Amino acid sequence: MARRTRYAPDRGLTVRMTVTMFLLGLVFVAFVALIIGIMTAVHASGAAIVLVALIFGGGSAIASLFYSDKIALAAAGARVVTPQEAPQLHGIVDRLCALADMDKPRVAIAPTHMPNAFATGRNSKNSVLCVTEGLLGPQLNLTKDELEGVLAHELSHVAHKDVQVMTVASLLAIVAGLLVRFAFYSELFGGGRRSNNNQNALPVLLIIMAVSAVVYAVSFLLIRLLSRYRELAADRSGALLTGQPSALGSALVKVSNGMSRIPNQDLRAAEPMNAFFFAPAMKLTGGGGKSLSQVFSTHPSLERRLEELQKIQKQLGQTTPIE
Amino acid sequence: MGFLDTLFGRTKPVQPKLDDLFALPSAAITLQAASGFVPTGSGSVCFRGVEGRTFSDIQDEVRDLLNMDSGKPGGGLPVEVSKDTYGFTWLVSSHMSDELDALVTDLHAVNSALVDNGFGPQLLCTLVAFRDSAERRLALVYLYKRGTFYPFAPLSGERRDNALELQTRGVLGDDLKIEQDLTKWFPVWGAPGL
């Protein structure tokens with residue numbers, strides 16, 4: 001019998017991700033070109049500001065990547081647990097890692113009632129998978145299969161190196177954001193003194209500020225788009241790993257419902273961690289309605305995720321020949 | 001995983017390595033000579049079932065296939081199917097303790113049935129049970145995705161006999177590909193057939 005596979009790649013998702021990353025790259029190239037163009041006027045204070053922003057932005061991005069596991073654990077107040085302390089959790093992670101042939105991350109539990117999970121770390125050796133007590137708790141009542149689905153989703157983030165990819169993707173936004181601020185401050189404090197040295201100090205700084213603001217806004221939207229695609233990719237890989245797309249789907253529904261029952265205070269405190277979570281802790285709502293909130297969201301809508309899982313369910317019933 | 005796969009967030013499901021399993025019978029002889037552990041004749045295949053009709057049909061086919069020989073000389077007992085607390089399915093095949101070749105053939109039949117039907121990535125591990133005269137239990141666990149073995153020696157109350165496991169690693173180092181990364185020696189408590 002010919003070898004067959006039931007795990008065909010999702011080309012549509014790959015194409016959408018490629019386009020998003022291409023646009024991000026395009027914005028980056030255009031940004032650099034513009035800055036260089038402005039610099040051709042050889043403007044000392046302007047060049048210094050850009051350099052400082054690059055060093056600060058790059059440095060903070062690298063530092064946040066390097067310490068991402070420690071920062072995230074500290075922010076969530078989580079504690080790494082041993083197999084003796086959480087045998088069930090370790091048992092599931094052990095098996096999933098053996099199925100996927102990947103290094104086992106450390107496992108941590110955060111003392112939060114909000115049901116959620118995240119994974120972070122700069123590489124597979126240093127990654128950590130964290131679940132909240134709410135996810136394991138009796139109120140949510142996740143079955144073993146559903147919990148396994150959540151963990152498989154998070155392990156897929158580790159396998160896809162999502163922390164690294166998103167750090168690189170947001171580097172530009174960080175630098176652009178810093179430039180806006182630096183340009184603004186040097187305008188306030190440095191502008192007056194230096195005006196003798198260079199006559200075009202003011203307009204050049206203004207242009208840098210405007211360009212950076214636009215770049216920041218555009219790259220922010222693209223990063224959010226990329227984040228949503230990577231969530232879908234993690235859902236997909238997680239569902240294929242366990243072979244139970246429906247269990248992952250019902251876990252998504254339960255976690256989303258569980259979250260809406262939690263008071264707002266908790267949610268706002270959790271907001272900075274949003275990008276790492278299994279399901280978003282805070283949903284943007286307001287005048288713009290659904291479409292606007294989706295553009296800014298780090299996660300795809302529940303309906304969209306369930307729809308994609310349903311496709312995978314169908315796929316597992318069919319086969320395509322191995323290429 | 002390649003750079004492009006990382007960029008696009010695709011993980012290719014890992015295909016299992018099947019061939020190294022056939023090194024088991026000769027390794028069992030070495031093990032018996034060096035430490036007195038004898039195969040119990042039972043072994044099992046552990047895999048993660050996929051939801052839906054397609055997979056359960058294949059599972060039934062495999063069971064019927066293995067049961068065709070049961071009762072005949074060398075055919076062993078009917079296959080037992082059970083599900084563990086983690087939702088993984090175990091197919092246990094039981095033979096006489098000197099029929100390790102037949103046992104490995106049975107286990108391989110399960111593997112190839114799943115692989116041929118496109119469910120190879122669902123295979124987790126294979127386990128072959130041993131016992132010594134003091135009734136100590138030992139299992140050799142084969143990890144499909146890595147093509148390596150590791151010893152697992154459960155004691156009562158979810159404890160492991162690490163000394164025995166390391167001793168076994170030393171004995172079998174030349175016969176089997178032993179998993180070098182000790183973090184991958186995960187415990188399979190309550191595995192059927194052990």
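Any read-out appearing in this document is the output of simple, stated calculations on the displayed coordinates, not a laboratory observation. This is a predicted model, so every value here is computed, not measured. Here the Cβ is made from the backbone with ideal geometry for all residues, glycine too, and neighbour counts use every protein chain on show.
Odds and ends about this structure:
- Greater than 25 Å apart at Cα, pairs in A:K161/B:K83; A:K254/A:K314; A:K311/B:K17; A:K104/A:K311; A:K70/A:K144; A:K254/B:K184: A:K161/B:K83; A:K311/B:K17; A:K104/A:K311; A:K70/A:K144; A:K254/B:K184
- Legend: ranking of residues B:S156, B:S97, A:S212, A:S297 from fewest to most surrounding C-beta atoms inside 10 Å; resulting order B:S156, B:S97, A:S297, A:S212.
- Couplings for the range A:235-251, taken from phi via the Karplus curve 6.51 cos²θ - 1.76 cosθ + 1.60 with θ = phi - 60°, read 4, 5, 5, x, 5, 5, 5, 7, x, 10, x, 5, 5, 5, x, 6, 5 Hz in order; Gly and Pro are left as x.
- Pairwise FRET efficiency - A:L221 versus B:V38, Cβ, R0 = 56 Å, nearest 0.05: 0.25
- For the range B:9-38, backbone nitrogen atoms closer than 15 Å to the point 7 Å from B:D101 Cα along Cα-to-C-beta are found at B:22-29.
- Here is the size of chain B from its Cα atoms: Rg then Dmax, 16.9, 55 Å.
- Reduced Cα scattering model of the range B:146-194, Debye log10 I(q)/I(0), q = 0.17, 0.31 Å⁻¹: -0.51, -1.28
- Shielding of peptide B:46-52 by partners, expressed as the average count of other chain Cβ atoms within 10 Å per residue Cβ, is 6.
- For B:R160, residues with placed amide H under 5 Å, excluding near neighbours: B:L155
- In the range B:19-92, the inverse of the mean reciprocal separation of distinct Cα atoms equals 14.6 Å; this is its Kirkwood hydrodynamic radius.
- Taking the number of Cβ atoms within 10 Å of each Cβ as an exposure proxy, the fewest-first ranking of A:E146, B:E165, A:E85 is A:E85, B:E165, A:E146.
- Annotation: the residues A:Y216, A:Y67, B:Y142, sorted from fewest to most other C-beta atoms within 10 Å of their own C-beta, follow the order A:Y67, A:Y216, B:Y142.
- Using just its DSSP H runs of length 4 or more, each adding -39500 (n - 2.57), chain B gives a mean residue ellipticity at 222 nm of -10000 deg cm²/dmol after division by all residues.
- Amide H contacts of B:T148: B:L143, each under 5 Å away and 5 or more positions distant or on a separate chain (H built 1.01 Å from N in the peptide plane; Pro and chain starts excluded).
- Near the amide H of A:M114, within less than 5 Å, lie the amide hydrogens of A:G134, all on another chain or at least 5 residues away, with H placed in the peptide plane.
- Long hydrophobic helices in chain B, taken as whole DSSP H segments with a C-alpha length of 20 Å or more on their own axis and mean Kyte-Doolittle hydropathy at least 0.5: B:100-116.
- Efficiency of FRET between A:I62 and B:K177 - r from beta-carbon atoms, R0 51 angstrom, step 0.05: 0.85
- Beta bridges by DSSP in the range B:37-184, antiparallel share as percent, to the nearest 5: 95 percent
- Spin-label pair A:V80/B:D57, simplified geometry with 7 Å Cα→Cβ offset, distance in nm: 4.8 nm
- What the phi angles of the range B:121-138 give under the Karplus curve with 6.51, -1.76 and 1.60, with θ = phi - 60°, is a coupling list of x, 7, 6, 9, 7, 10, 9, 10, 9, 10, 8, 10, 5, 8, 6, 6, 9, 8 Hz, glycine and proline written as x.
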